[in-house]
Every structure is written in structure tokens, then in C-alpha cells.
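Derivation of every value follows stated rules applied to the coordinates shown; laboratory data play no part. For clarity, every value in this text was computed on a predicted model and none was experimentally measured. Every residue, glycine as well, gets a Cβ built from its backbone with ideal geometry; the counts of neighbours run over all protein chains shown.
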Amino acid sequence: MLVLTPTHRHTLRALAHTLSPVVMIGEAGLSENVILELDRGLKSHELIKIKVFSNERKTRELLLEEICQRLEAAPVQHIGKILVIYRPKPEEIAKPATAKFRKKREPRRVKRSFQA
């Protein structure tokens, strides 16, 4: 299972906020088709949300752990019935994801810069 630093996890949580669930797991639990769909989602998006229709928190925690172990992914967040997992693309494992999303902001233009 992949391990994330707290700052990396914080950045991924912020990015996952706007995502919609890609896969929904019902009462049947994890099947091979669900695992294949999760793998497909991770290959194309790296960061995905999963919705689990189980009322027991312990069951959802076990599902998150099993998914991360089988897909070699990292758990990012578990809030309510929503799980967020992350797996970097193979060619991007060496560099952290935070470097990809952080851009230096240009200085604000003030009135004087327009007058000169």
C-alpha cells in the first residue's frame, strides 16, 4: 500500500472536493468487476471518489483497506459513505503530485503599474 505525507494528503483532499463518485459499491461488496472498474478509474484519473452503500463504518474501513491493498493505492479520505483513493501513474511516481498543482502566482497589478 502506498503511503502519503500529510501535506500531500492535504493537497489531494482539496483536489478531491469537487470530484463526483466514479464507482458505487452496493450491498454485494467488492467483486472482480468493481475492482477492474476502480483500476480503470485510477489509471485514467489517479484520484477517484468511491461511494459505498453500507451503513456500518467498520465495513467501509475494511473495504477501503482491501481496495488499497489490491490496487496498490493510497487512502486519502474517508468521510461518511465516501472514500477517496489515489494512485499515481507509473511514470509520475518519482515526483510528488504537489509540484504539479502548485504554481507561483503573478504579482497583482496596481494602479501605478498601468500609469508607467
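Which loop-located GluC sites (Glu not before Pro) does the range 45-93 contain, where loop means any DSSP state but H, G, I, E or B and the Cβ has at most 11 other Cβ atoms within 10 Å?
Answer by residue number: 56, 72.
Would you kindly derive the ³J(HN,Hα) couplings of the range 35-51 from the backbone phi angles with the Karplus curve 6.51 cos²θ - 1.76 cosθ + 1.60 (θ = phi - 60°), listing them in order in whole Hz, with x for Gly and Pro?
Result, rounded to whole Hz: 4, 5, 5, 5, 5, 4, x, 5, 5, 8, 10, 6, 10, 9, 9, 10, 9.
For residue 49, give me every one of the aspartates and glutamates with a C-alpha distance below 13 angstrom, ignoring sequence neighbours fewer than eight places off in its own chain.
37, 39
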